[in-house]
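Below is one structure, written out as structure tokens, with a few remarks after it.
The values are calculated or read from the model by the stated rules, or taken from the named source; none is laboratory data. All figures in this text were calculated on a predicted structure; none of them were measured in a lab. Cβ placement follows ideal geometry from the backbone for every residue including glycine, while neighbour counts extend to all protein chains displayed.
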Amino acid sequence: MKQVVLINADINKSAITQALMDAYRHGAGQAEAVIKEIAIADLKFNPNKSLPNKLADAEQDLNEAIDKIRWSNHIVIFCPVYKDSIHFKIKGFFDRIFLPDQVFVINQPHFSNDFAGRSARIVSILDEAAWHDWQNSQRTTYLAIKRSVLEKCRIKPVLTNTIGYLYSLDNAYAQKWLKKLHDFGRKGI
């Protein structure tokens, strides 16, 4: 049975992001997947990395997020891209969760940033201005999350989708993406 964690990386928790997540969730539910959710906007934690020689204890919300990610075998991240980057709290979440010098101590028995055996999907949601920048900046979420974080922690494969010009759910383009995400959920990818 597929165990899926949906990560809502939309700081504004917009209706469009929620609709995309709901489409994936509905498809995964049809495939009898068990789903847990993490909403980064609701978490209370310090998104700043500590100094390299000083370990920061993980806050309770981060520990709960780590537990959900360890439980999962597939992670789906819904991430809006603002202009040319991702929000600092989103980047801080990934830095604190996946980088060993932030959450784990090497000499402790629970140390591991090896998340091998898991797969992931990143759904980047862009507005018109970000769409043009994305074409020139080599995919912000690809560089900031896929390559620099997930793949370094041995999460493979990491599939990506980029949705641009999504201002409303009442058009054929949005409906196409809702259907695609539903199908991805049903297939467990």
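Table: residues versus (1) in contact with a Ser or Thr (Cβ under 9 Å, 6 or more places away or on another chain); (2) at pLDDT below 80.
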{"position": "88", "(1), (2)": "no, no"}
{"position": "99", "(1), (2)": "no, yes"}
{"position": "104", "(1), (2)": "yes, yes"}
{"position": "109", "(1), (2)": "no, yes"}
{"position": "122", "(1), (2)": "yes, no"}
{"position": "127", "(1), (2)": "no, yes"}
{"position": "135", "(1), (2)": "no, yes"}
{"position": "138", "(1), (2)": "no, yes"}
{"position": "141", "(1), (2)": "yes, yes"}
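Taking the residues in region 4-45 that are buried (at least 16 other Cβ atoms within 10 Å of the Cβ) and of a type in the set (S, T, N, Q) as candidates, determine which candidate is nearest to residue 182 (Cα to Cα).
Checked region 4-45; the qualifying residue nearest to residue 182 (Cα to Cα) is 17.
Consider residue 58 against the criteria (1) at pLDDT 95 or above; (2) aliphatic (A, V, I, L, M); (3) outside any strand (DSSP E or B): it satisfies all of them except one. Which criterion is unmet?
It is condition (1) that residue 58 fails.
Say we look at region 12-52 and pick out the residues that are closer than 18 Å to residue 90 by Cβ and charged (D, E, K, R); which of these is modelled with the lowest pLDDT?
Selected residue: 49.
Return the pair list, or none, for Cβ contacts closer than 6 Å from residues in region 9-33 that are aromatic (Phe, Trp, Tyr) to residues that are in a helix (DSSP H, G or I), at least 6 apart or on different chains.
That search, which allows pairs on different chains as well, returns 24/181; 24/185.
For residue 70, indicate whether it is in contact with a helix residue (DSSP H, G or I) (Cβ under 6 Å, 6 or more places away or on another chain), modelled with pLDDT of 80 or more and at negative phi. Steps first, please.
Values: in contact with a helix residue (DSSP H, G or I) (Cβ under 6 Å, 6 or more places away or on another chain): no; modelled with pLDDT of 80 or more: yes; at negative phi: yes.
Considered against the rule, which asks whether it is in contact with a helix residue (DSSP H, G or I) (Cβ under 6 Å, 6 or more places away or on another chain), modelled with pLDDT of 80 or more and at negative phi, residue 70 comes out as no.
Tell me the residue from 181, 159 that is modelled with pLDDT of 85 or more and either assigned to a loop (DSSP other than H, G, I, E, B) or touching a helix residue (DSSP H, G or I) at 6+ places or on another chain (Cβ under 8 Å) (or both), please. Don't jump to the end; show me each part of the working.
On the way: 159 fails: either assigned to a loop (DSSP other than H, G, I, E, B) or touching a helix residue (DSSP H, G or I) at 6+ places or on another chain (Cβ under 8 Å) (or both).
Exactly one of 181, 159 is modelled with pLDDT of 85 or more and either assigned to a loop (DSSP other than H, G, I, E, B) or touching a helix residue (DSSP H, G or I) at 6+ places or on another chain (Cβ under 8 Å) (or both), namely 181.
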